[in-house]
Amino acid sequence: MGAIAAGLQACRARIAEACREARRPPDAVRLLAVSKTFPAAAILEAYRAGHTVFGESYLQEALGKIAQVEAELAAETVGQTPPPPIEWHFIGPIQSNKTRPIAEHFDWVHSIDRLKVAQRLADARPVELGPLQVCIQVNVSGEASKHGIAPAEALDLARRVAGLPRLTLRGFMCIPAETSDRASQRAQFRVLAELLRGARAVVPSLDTLSMGMSGDLEAAILEGATLVRVGSAIFGRRDYGGRKPEQDEPI
Ligand SMILES: *Cc1c(COP(=O)(O)O)cnc(C)c1O
C-alpha cells in the first residue's frame, strides 16, 4: 500500500474510533482530504484508493490541479462508464474579485465570512451546476490574525446567506487557535456547535459542522463535527516552497 492510501486508512480509523467514543454512528463524519500544496498525482493516488472528496485553499493552484485531475480521469475512461465524480471543496480565504472561478469550479465553499462574498458567489454560480454548498467561517478563538466572522455576528450573516439564490447554506466552519490542550480544543469547537444549534432555530436544514484537522479531529468529533478537514495526516508534511501560508492556516 502506498503512503497516501495508508494515511487515508489511518485517518478513517481515527475517525471511527472517535465516533465510538462520542457514541455517534461511524458514518456521522465525512472526511475531506486537504490536498493543498500537493500535486495532482497525489490527488489521483488518493482517488485510486477510493477517496473522492478533496479540499483546496489556493485558487490558482487548485484550478490547475482540478483541470489536470479531471482530464486524467476523462482520458482513462473513454468508452467506459464514468468513474465516481470528485467533490471539490474550497476552504481558503476568498478575495471578492475571485468569486467567479470559485463558483464555477467547486461544489462546496467553507470560508464565507462576509455577505458581499456570498452575494458574489450566488451571482456567479452557473444555474446548471445546481446550488453551491456553503459554510460560514467563524473566528472562534477571537485572534486578530484569524479569518472568519465573530461568533456574535454569525447568526445574522447565516440568516442573510440562507436567503440567497443558487447557494445552499449548510452550516459553519472554524480553524481554532492551535493548542495541544484537549480541553481548550473542545471549548473552541463547542462555540461552533452552539452556534449551529442556535442557527437551526432559524434555518432548520443546517447540518454541517466543518471542524477538526490532523491534530485535533478527535476533539472536534466529540463536539459534533460532521466533516473533518485533514491534510498532513494523509499526504504528509507540506512544503510551501518559499511561499508564505495564510496566517491562520495549519502548516
Ligand atoms: C491546511 C488546512 C487544513 C488541513 O490541516 P492539517 O493540519 O494538515 O490537517 C484544514 N483546514 C484548512 C482551512 C486548511 O487551510
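Here are the numbers:
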quantity	calculated
Computed Kirkwood radius, in angstrom, where 1/r is averaged over Cα pairs of region 1-147	17.0
Percent of Cα-Cα distances greater than 23 Å, calculated over region 124-251	36
Sum of side-chain charges, PRO93 neighbourhood, beta-carbon under 9 Å (Lys, Arg +1; Asp, Glu -1)	-4
In the chain, lysine pairs with alpha-carbon atoms under 25 angstrom apart (chain gap of 8 or more, or interchain)	11
The chain: DSSP helices with Cα axial extent of at least 24 Å and average Kyte-Doolittle hydropathy no lower than -1.0	3-21, 59-76, 182-200
Directionally averaged shadow of region 49-121, computed from the convex hull of its alpha-carbon atoms, nm²	5.3
Equivalent ellipsoid semi-axes, region 79-175, via Cα gyration tensor eigenvalues times 5, rooted, Å	25, 15, 12
Spherically averaged projected area in nm², based on the convex hull that wraps the Cα atoms of region 81-120	3.1
Sum of side-chain charges, LEU31 neighbourhood, beta-carbon under 12 Å (Lys, Arg +1; Asp, Glu -1)	+2
Mean Cβ count within 10 Å, highest first, over the residues of peptides 163-174, 114-125	163-174, 114-125
Per-residue Cβ neighbour rank within 10 angstrom, fewest leading, MET1, MET213	MET1, MET213
Calculated [θ] (222 nm, deg cm²/dmol) that DSSP helices of n ≥ 4 give over the chain, each run adding -39,500 (n - 2.57)	-12500 deg cm²/dmol
Hull shadow area, averaged, region 104-144 [alpha-carbon convex hull, nm²]	3.3
Translational D in µm²/s for the chain (Stokes-Einstein at 10 °C, 1.306 mPa s, Kirkwood Rh from C-alpha pairs)	86
Separation between Cα centres of region 125-150 and region 213-230, rounded to whole Å	18
Per-selection Rg to Rh, region 186-251 - Cα, Kirkwood hydrodynamic radius	1.08
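Read the figures in this text as sums done on the coordinates, not as results from a lab. Computed from a predicted structure; not experimentally measured. Positions of Cβ are backbone-derived with ideal geometry, glycine not excepted, and every protein chain shown enters the neighbour counts.
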